[in-house]
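Written out below as structure tokens is the structure these notes cover.
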Amino acid sequence: MDQIVYNDYIDKDRIAAQAGRDFDISERIFIVTGAAQGLGYGICEALAAMGAKICMADVNIRGVRDAAKLLARDYMTDVIGVEADVTDEGSVRDMVLKAVKRFGGLDVIVSCAGVLKAGGLPDLSKEDFERVGAVNYTGFFLCAKYASAVMKAQRALDKDRMHDIIEINSKSGLEGSKANFAYAGSKFGGIGLTQSFALELAPFGIKVNAICPGNLFDGPLWSDPERGLFKQYLDAGKAPGAKTAADVRAFYEAKAPLGRGCRVDDIVRAVKYVVEQQYETGQAVPVTGGQVMLR
Ligand SMILES: NC(=O)c1ccc[n+]([C@@H]2O[C@H](COP(=O)([O-])OP(=O)(O)OC[C@H]3O[C@@H](n4cnc5c(N)ncnc54)[C@H](O)[C@@H]3O)[C@@H](O)[C@H]2O)c1
């Protein structure tokens with residue numbers, strides 16, 4: 001059904017013009033969720049600098065529209081900002097439709113929208129637990145569901161064409177996280193979805209991979225004074241002996257063998273790798289400065 005709806009808007013000339021050759025990021029159409037701020041915004045900025053067409057999506061409608069205007073102006077590339085709540089099926093379906101209508105297709109979706117609520121078993125409410133799962137886990141499912149419908153339709157026009165579904169996961173999807181189980185559970189689940197979608201979608205040339213960042217200390221997720229992780233982790237007692245946000249930062253920085261936090265440009269390199277490579281799917285790519293080592 002959705003494939004038929006999306007089909008009407010797919011630019012068949014674009015698919016034909018790209019058939020049989022390698023095409024780079026500048027010729028691709030992206031959706032990035034959670035794009036109003038933080039890592040999602042940073043990924044969009046890097047993609048805009050490379051000349052990609054981008055549908056920036058976020059539940060924060062004002063933030064995402066302003067962000068899209070800024071990038072369209074600064075990089076003179078085709079960027080739109082759309083309202084989307086990744087926990088709402090109709091909203092995700094419309095987000096994909098808006099991107100396909102505007103740009104004539106969809107090549108890569110980066111499922112980056114995510115929330116974190118720290119807290120141990122005595123403290124975390126069922127409501128907060130379910131909210132984290134709804135955004136981080138269910139949201140990724142819905143993005144993959146509707147994005148893959150477009151990708152399959154494009155593949156039907158060019159049997160060699162490849163597409164990408166990328167989940168921005170976390171190092172907390174690779175090992176447990178003390179007093180942070182709602183988040184870690186949702187991210188572990190994301191790896192299960194990544195592997196399972198990869199198996200289901202490989203016959204359609206859709207690669208599905210997760211990127212697992214370490215801690216991005218400079219973004220709002222950590223540094224927001226009210227709800228940021230420095231404050232949440234201080235309150236939850238996750239950094240032993242920490243009395244200030246600076247103590248929490250020092251505690252976490254010391255955990256990465258490469259001696260610093262993760263940066264947006266580290267993740268952009270991983271996104272570029274995942275998209276450009278043609279022979280890997282169902283993987284979790286760690287970008288943690290050595291903090292998490294795969295077995
Ligand atoms: N910042 C880090 O240290 C870090 C580390 C590892 C992984 N990650 C992951 O990277 C992703 C982005 O994190 P960030 O640091 O940029 O966070 P952030 O809080 O700065 O940004 C998250 C964005 O997602 C949006 N969002 C929240 N709920 C949404 C929903 N239901 N629908 C659509 N958009 C929604 C927010 O409005 C916000 O713009 C998340 O998936 C997070 O788990 C972050």
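The values are calculated or read from the model by the stated rules, or taken from the named source; none is laboratory data. Owing to the predicted nature of the structure, the values given are computational and were not obtained by experimental measurement. Here the Cβ is made from the backbone with ideal geometry for all residues, glycine too, and neighbour counts use every protein chain on show. Accessible surface is based on the protein model in full, side chains and every heavy atom, while ligands, DNA and RNA are left aside. Shrake-Rupley method; radii C 1.70, N 1.55, O 1.52, S 1.80 Å.
List of remarks:
- For the range 202-242, residues that are open to solvent by 20 Å² or more (accessible area, probe 1.4 Å) and closer than 30 Å to Ala19 by Cα total 3.
- Just so you know, in the range 101-116 the residues that are of a type in the set (A, V, I, L, M, F, W, C) and in contact with an Asp or Glu (Cβ under 9 Å, 6 or more places away or on another chain) include one that is nearest to Val59 (Cα to Cα), and it is Ala113.
- Qualifying residue in the range 245-264 (condition: closer than 16 Å to Gly214 by Cα and without any contact (Cβ under 8 Å) to a residue 12 or more places away in the chain): yes
- Selection count where residues are within 11 Å of Ala118 (Cα to Cα) and in contact with a helix residue (DSSP H, G or I) (Cβ under 8 Å, 6 or more places away or on another chain), scope the range 231-259: 4
- Any hit, the range 179-189, residues being at pLDDT below 95, assigned by TED's automatic domain parsing to the domain that holds Lys272, touching a helix residue (DSSP H, G or I) at 6+ places or on another chain (Cβ under 6 Å) and surrounded by fewer than 20 Cβ atoms within 10 Å (Cβ to Cβ): yes
- Some residue of the range 101-114 being modelled with pLDDT of 95 or more, farther than 22 Å from Ser186 by Cα and open to solvent by 50 Å² or more (accessible area, probe 1.4 Å): yes
- One residue stands out in the range 137-150 among those that are open to solvent by less than 10 Å² (accessible area, probe 1.4 Å) and touching a Phe, Trp or Tyr at 6+ places or on another chain (Cβ under 7 Å): the one that is farthest from the ligand (Cβ to nearest atom), namely Val150.
- Helices (runs of 4 or more DSSP H) within the range 99-214 that include 1 or more residues of a type in the set (S, T, N, Q): 139-157, 181-201
- Here is the figure for the range 19-49: residues that are more than 9 Å from the ligand (Cβ to nearest atom), in a loop (DSSP other than H, G, I, E, B) and open to solvent by 60 Å² or more (accessible area, probe 1.4 Å) total 4.
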